[in-house]
Amino acid sequence: MHALVIDDEPQVRGFVSLVLSEDWEVSEAESAERAFEMLGEREWALVVCDVMLGGEDGFSVLRRFREESPSSQVVLITGAGSASGAIDATALGAFDYLLKPFTVDELKALSRTVKERIEAQVSRDNDAEPALAAPAETGLVGRSRSFLEIMKQVGRVAPTDLTVLLAGESGTGKELVARALHQRSRRGGNSFVAVNCGAIPAELIESELFGHVRGSFTGAERDRRGLFEEADKGTIFLDEVTETAPTFQVKLLRVLQEGEMRRVGENRTRKVDVRVIAASNRDVEQDVQSGRFRKDLYYRLNAVKIYLPPLRERREDIIPLAAYFAGRVRLLSPAAAFSPEVIRLLEQYAWPGNIRELENVVVRAAALCQGAIRPEDLPEHIRDYRPPAAEPPPEAAAGAVADETWPSLAEAEGLYVSRVLAHTGGNKQAAARILNIDRKRVDRIVKRHELAARKGGRPPAS
């Protein structure tokens, strides 16, 4: 199988080619234009292309190969990754979006994955897909690897009609992600309707979403379309969907299952073609177990679940976000700069309000400062914030013995997981996110070490 490496830097091009040559017959191109000349020479199973080239960029290469060689697996590589780039790359059909610097092992693992996909793929006609137009700026900003992995997932899901459940704390950007999913879908030219279900009284939410007919209740003086009808052929975003009442959840489930709804006070049903994206800042699985949220509705909404981490778990993105918000204060030209002390304060603060809180702080500081944002321009609670002291290691807490007796790996696993569970108050789903493992694996560890009997995972007494 043939691979094509496209990069205008000879050192990078040679490095990638050398690693791939163990599994592929590799050719090289120094520009997009040269790659276009080579496109018809043979079937290129794998194309590895830098985003930034001298002439046309890597996205032009991706579009051209998708049109003329749709079976080619295209990997874009970049030293300046962005959220929009990650979404666009995967939405346009890239196999992956790889950040520099990458290791030999990462490149080999990617090579194996591509080969396995090609070998397992059933032969089929693969008509060229039209390139999606680049959408408007979404406001999603970040360069951390964890955030860009999420954006790649967003890009892969966007062109589908799958329902998506966005999970994460308040202020983590769930509506921005919902808009990005809409903009990069076939529905992007139609309506996007955002609804905060928690802000609508329970007795009015059915009328708001499904509409009503004249005389159906006091004050209904005329027929009214609901928000589902307003979003027909487009997307509706149901924020805080777990705040809805069980009676409404039954009716929402029918819309998702049958694609039809009934206005309040009306007998006939109406068909609607709407993609639903839902969001919650609560632990939805816990709400299902407690009976606050219907299990069947959860399964219907949870076709794809995307978890947006809090800002304190992606600190690399704090300063790029702050610079973005400062740049939006249009009264300032150029945008306000940040003093080194301000950068330190912003990076160490816990940001309980997440991105929304950061935006409010930076916009206020940029508007009031005189060219550069200094510590005195920040709120007092941020200036005075001190990160909590790191918990001493288990040996120090228990008193290290003179001969430095080390616990076994199994003992260390049980002790570490018990401390994480103590931190989450026994919430296994939250512990699984911190540990970056599956919830079922947490259950197995708890059972293996008998942690359940320790009231929320408190470590055993020494």
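The values are calculated or read from the model by the stated rules, or taken from the named source; none is laboratory data. Computed from a predicted structure; not experimentally measured. In this analysis, Cβ positions are derived from the backbone assuming ideal geometry, glycine residues included, and neighbour counts consider all displayed protein chains. Side chains included, ligands, DNA and RNA excluded: accessible areas come from the protein's heavy atoms. Shrake-Rupley method; radii C 1.70, N 1.55, O 1.52, S 1.80 Å.
Mind listing whichever residues of the stretch 350-385 are farther than 26 Å from K174 by Cα, acidic (D, E) and in contact with a helix residue (DSSP H, G or I) (Cβ under 6 Å, 6 or more places away or on another chain)?
D377, the sole residue that qualifies.
Name the one entry in R179, R156 that is open to solvent by 40 Å² or more (accessible area, probe 1.4 Å), at pLDDT below 95 and over 25 Å from E208 (Cα atoms).
Of the residues listed, the single one that is open to solvent by 40 Å² or more (accessible area, probe 1.4 Å), at pLDDT below 95 and over 25 Å from E208 (Cα atoms) is R156.
If I277 satisfies every condition in (1) more than 24 Å from G215 (Cβ to Cβ); (2) touching a His at 6+ places or on another chain (Cβ under 8 Å); (3) modelled with pLDDT under 95 but one, which is the exception?
Just one mismatch for I277, condition (3).
Does D239 fit the bill of being in contact (Cβ under 8 Å) with a residue 12 or more places away in the chain and open to solvent by less than 40 Å² (accessible area, probe 1.4 Å)?
Values: in contact (Cβ under 8 Å) with a residue 12 or more places away in the chain: yes; open to solvent by less than 40 Å² (accessible area, probe 1.4 Å): yes.
Taking the combined requirement at face value, the residue satisfies it.
Which condition breaks for G40 when tested against (1) surrounded by fewer than 14 Cβ atoms within 10 Å (Cβ to Cβ); (2) touching a strand residue (DSSP E or B) at 6+ places or on another chain (Cβ under 6 Å)?
Among (1) surrounded by fewer than 14 Cβ atoms within 10 Å (Cβ to Cβ); (2) touching a strand residue (DSSP E or B) at 6+ places or on another chain (Cβ under 6 Å), the lone unmet condition for G40 is (2).
Considering the stretch 338-351 alone, what residues qualify as being touching a residue at least 12 places away in the same chain (Cβ under 8 Å) and open to solvent by 50 Å² or more (accessible area, probe 1.4 Å)?
Just the residues of the stretch 338-351 that are touching a residue at least 12 places away in the same chain (Cβ under 8 Å), to begin with: 338-339, 341-343, 345-351.
Across the stretch 338-351, the qualifying residues are E341, I343, E347.
State all residues of the stretch 204-232 that are of a type in the set (K, R), in contact with a Gly (Cβ under 9 Å, 6 or more places away or on another chain) and farther than 26 Å from G189 by Cα; if no residue qualifies, say none. Let's see the steps before the verdict.
Going residue by residue through the stretch 204-232, those that are of a type in the set (K, R) are 214, 222, 224-225.
Subsequent filtering for residues that are in contact with a Gly (Cβ under 9 Å, 6 or more places away or on another chain) retains 214, 224-225.
R214 - this is the single residue of the stretch 204-232 that is of a type in the set (K, R), in contact with a Gly (Cβ under 9 Å, 6 or more places away or on another chain) and farther than 26 Å from G189 by Cα.
Which helices (runs of 4 or more DSSP H) sit wholly inside the stretch 281-331 and have at least 1 residues that are over 21 Å from the mean Cα position of the chain (by Cα) and in contact (Cβ under 8 Å) with a residue 60 or more places away in the chain?
On the way: elements: 284-290, 295-301, 318-327.
In the stretch 281-331, 284-290 are the helices (runs of 4 or more DSSP H) which contain 1 or more residues that are over 21 Å from the mean Cα position of the chain (by Cα) and in contact (Cβ under 8 Å) with a residue 60 or more places away in the chain.
Of all residues in the stretch 71-94 being modelled with pLDDT of 85 or more and among the hydroxyl-bearing types (S, T, Y), which is surrounded by the most Cβ atoms within 10 Å (Cβ to Cβ)?
S72
Cβ contacts < 9 Å: first residue under 13 Å from W351 (Cα atoms) and open to solvent by less than 100 Å² (accessible area, probe 1.4 Å), restricted to the stretch 380-394; second residue part of a loop (DSSP other than H, G, I, E, B) and at pLDDT 90 or above, any location; separation 6+ or different chain. Result?
Taking only residues 6 or more apart or on different chains, the pairs are H381/Y349; I382/Y349; Y385/Y349; Y385/A350; P387/Y349; P387/A350.
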